[in-house]
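Reading through the structure tokens given below for one structure.
The values are calculated or read from the model by the stated rules, or taken from the named source; none is laboratory data. Source: prediction; values computed, not measured. Positions of Cβ are backbone-derived with ideal geometry, glycine not excepted, and every protein chain shown enters the neighbour counts.
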Amino acid sequence: MKRTVNTFILTVFSVIFFNATTAEIHTLKSKVAVIEFETETLDYGTVVQNSDGLRTFNFINTGEAPLLITKVKTSCGCTAPSYSKAPILPGESGEILIKYNTKKLGSFTKTVTVMSNAEGGNRVLKIKGEVVAP
């Protein structure tokens, strides 16, 4: 009889422990980083040839886990990104600097792909505008 009672008590505690551990794991897994940009398209408008092509994409981490941007890739060599490699904590903001080379005349539309640990995977941003002669 004593053995049956001990087995029953051990089974009950095992079930309780398993459920508590599963809930903790689920809670930890559900905490993700969420990146929210002020805008996903930067419009340079009309810019003069050889002028400053530096613009900024501002964002905030609205998730519950640190945001880590692993890479920012542009669609051409005429656009150069710059960003912080440090984690952005929940509630904090950050920025991605984009420098477009304004030597070439004419309209342009380029993409900037942001790779991070944020929910939803990669984000594709756009820059557009027109370069005119001075």
Could you list all residues from the range 55-70 that are loosely packed, with under 15 Cβ neighbours inside 10 Å and within 18 Å of K85 (Cβ to Cβ)? T56, N58, T70
Subset of the range 51-96 (residues that are among the hydroxyl-bearing types (S, T, Y) and either outside the structural domain of F108 (by TED's automatic domain parsing) or under 12 Å from A33 (Cβ atoms) (or both)): T62, T70
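For the range 97-105, state whether one or more residues are within 15 Å of the chain's Cα centre (by Cα), at pLDDT 95 or above and closer than 24 Å to R123 by Cα. It would help to see each step written out before you state the result.
To start, the set of residues in the range 97-105 that are within 15 Å of the chain's Cα centre (by Cα) comprises 97.
The next check asks that each one be at pLDDT 95 or above; those that pass are 97.
Filter once more, keeping what is closer than 24 Å to R123 by Cα: 97.
Yes, some residue in the range 97-105 is within 15 Å of the chain's Cα centre (by Cα), at pLDDT 95 or above and closer than 24 Å to R123 by Cα.
One line per residue, one yes/no per condition, for (1) in a strand (DSSP E or B); (2) free of Cβ contacts under 8 Å to residues at least 60 places away in the same chain; (3) in contact with a strand residue (DSSP E or B) (Cβ under 6 Å, 6 or more places away or on another chain):
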residue: A80; (1), (2), (3): yes, yes, yes
residue: K85; (1), (2), (3): no, yes, no
residue: K103; (1), (2), (3): no, yes, no
residue: S107; (1), (2), (3): yes, yes, yes
residue: M115; (1), (2), (3): yes, yes, yes
residue: G129; (1), (2), (3): yes, no, yes
Quick test of your reading of the structure: L54 fulfils all but one of (1) modelled with pLDDT of 90 or more; (2) within 19 Å of the chain's Cα centre (by Cα); (3) more than 16 Å from M115 (Cα to Cα). Name the failing condition by number. (2)
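Across the range 117-127, what is the total count of residues that are part of a loop (DSSP other than H, G, I, E, B) and either surrounded by 13 or more Cβ atoms within 10 Å (Cβ to Cβ) or among the small types (G, A, S) (or both)? Steps first, answer last, please.
If we filter the range 117-127 for residues that are part of a loop (DSSP other than H, G, I, E, B), which is where we start, we get 117, 119-122.
Okay, now just the ones that are also either surrounded by 13 or more Cβ atoms within 10 Å (Cβ to Cβ) or among the small types (G, A, S) (or both), so 117, 119-121.
Count: 4.
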